[in-house]
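The values are calculated or read from the model by the stated rules, or taken from the named source; none is laboratory data. Owing to the predicted nature of the structure, the values given are computational and were not obtained by experimental measurement. Neighbour counts run over all protein chains shown; Cβ positions are idealised from the backbone, glycine included. With ligands, DNA and RNA removed, areas are computed over all heavy atoms of the protein, side chains included. Shrake-Rupley method; radii C 1.70, N 1.55, O 1.52, S 1.80 Å.
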Amino acid sequence: MNEIFTRISVRHFEEKEVDSEKVRGILQAGFSAPSALNQRPWEFFVVTNKETLKSLSKTSPYAGTVAKAPAAIVICYRKDIKAVEFAHIDCAIAAENILLELESLGLGGVFLAVAPLEERINAVKQVLSLSENLEPFNIIPFGYPKNKRTPKDRFEENRVHYIS
């Protein structure tokens with residue numbers, strides 16, 4: 001699985017829509033993530049509306065790229081689950097699956113944190129008119145990368161500790 005080694009954060013996109021078949025595959029990757037107690041707490045909001053993307057781009061000082069993306073997925077979690085304390089971990093795993101699937105499809109995206117910062121959470125809740133039971137976790141703007149960057153080897157032997 002080379003996508004683990006070739007995936008990079010993409011913040012600049014071509015002005016080209018992503019077809020619905022690819023979006024479905026991206027969502028399937030998210031739904032395939034493991035979760036605590038198999039609770040699958042996630043809800044995925046696929047945003048392609050330009051005005052909504054623009055509003056989401058203002059929910060964080062780092063979210064400006066959302067306004068220029070052809071689409072974004074907002075990952076939220078339900079608060080009415082058994083192990084809500086693990087929902088962030090579950091959603092992070094789903095987000096990584098999504099990012100790897102984007103790479104495998106020749107697309108790119110970037111993980112933009114919403115949780116645990118209340119001001120970002122509240123801003124996204126307002127933009128998407130979320131119910132009280134849904135908590136936004138992150139935003140992944142995605143599309144066809146404008147520029148292809150070369151990934152770096154991030155392996156650091158000095159951070160590996162063998163215990164025999």
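At 0.692 mPa s and 37 °C, plugging the Kirkwood radius over alpha-carbon pairs of the stretch 103-146 into Stokes-Einstein gives what diffusion coefficient in µm²/s?
Details: Rh = 11.7 Å.
It comes out at roughly 280 µm²/s.
Explain nothing, just the number: dipole magnitude of the chain about its Cα centre with +1 on each Lys and Arg Cβ and -1 on each Asp and Glu Cβ, in debye rounded to the nearest 20.
On the way: 21 positive and 21 negative charges, 81 e Å.
With only Lys, Arg, Asp and Glu charged at Cβ, the dipole is about 380 debye.
Roughly how many whole Å is it from the C-alpha centroid of the stretch 1-76 to that of the stretch 102-164?
8
For the chain, what does -39500 (n - 2.57) per DSSP helix run (n ≥ 4), summed and divided by total residues, give at 222 nm, in deg cm²/dmol to the nearest 500? Don't skip to the end; give the middle numbers.
Details: 5 runs with 52 residues, N = 164.
Value at 222 nm, helices only, nearest 500: -9500 deg cm²/dmol.
With no solvent and one point on each alpha carbon, what is the Debye value of log10 I(q)/I(0) for the stretch 71-118 at q = 0.20, 0.26, 0.29 Å⁻¹?
Debye output, listed in q order: -0.73, -1.04, -1.18.
How big is the stretch 49-98 along each principal axis, measuring the range of its Cα positions in Å and listing the largest first?
Between the extreme Cα coordinates on each principal axis of the stretch 49-98 lie 36, 21, 20 Å.
Just the accessible area for ASP90, please: 1.4 Å probe, Å², rounded to the nearest 10?
10
Below 15 Å Cα-Cα, how many Lys pairs turn up in the stretch 1-124? Only count pairs eight or more apart in sequence, or on different chains, if you could.
Values: LYS16/LYS50; LYS16/LYS68; LYS50/LYS58; LYS50/LYS68; LYS54/LYS68; LYS58/LYS68.
The result is 6.
Give me the accessible area of GLU132, 1.4 Å probe, in Å² rounded to the nearest 10.
Rounded to the nearest 10, that gives 140 Å².
Restricting to Cα atoms and excluding each atom paired with itself, what does the Kirkwood estimate give for the stretch 72-164 in Å?
Working: mean 1/r = 0.0649 Å⁻¹.
Hydrodynamic radius (Kirkwood, Cα only) of the stretch 72-164 equals 15.4 Å.
Report SER20's accessible area, 1.4 Å probe, all protein chains in place, as a number in Å² to the nearest 10.
Ignoring ligands and nucleic acids, SER20 comes out at about 100 Å².
Quick one: work out Rg over Rh on the C-alpha atoms of the stretch 1-72, Rh as Kirkwood radius. Walk me through the numbers before you get to the answer.
Numbers: Rg = 14.3 Å, Rh = 14.3 Å.
Taking Rg over the Kirkwood Rh, I get 1.00.
What number, in nm² with one decimal, is the all-direction average of the projected area of the convex hull of the alpha-carbon atoms of the stretch 1-142? Kindly include the intermediate steps, with their values, before the conclusion.
On the way: hull surface 32.2 nm².
If you wrap the Cα atoms of the stretch 1-142 in a convex hull and average its projections, you get 8.0 nm².
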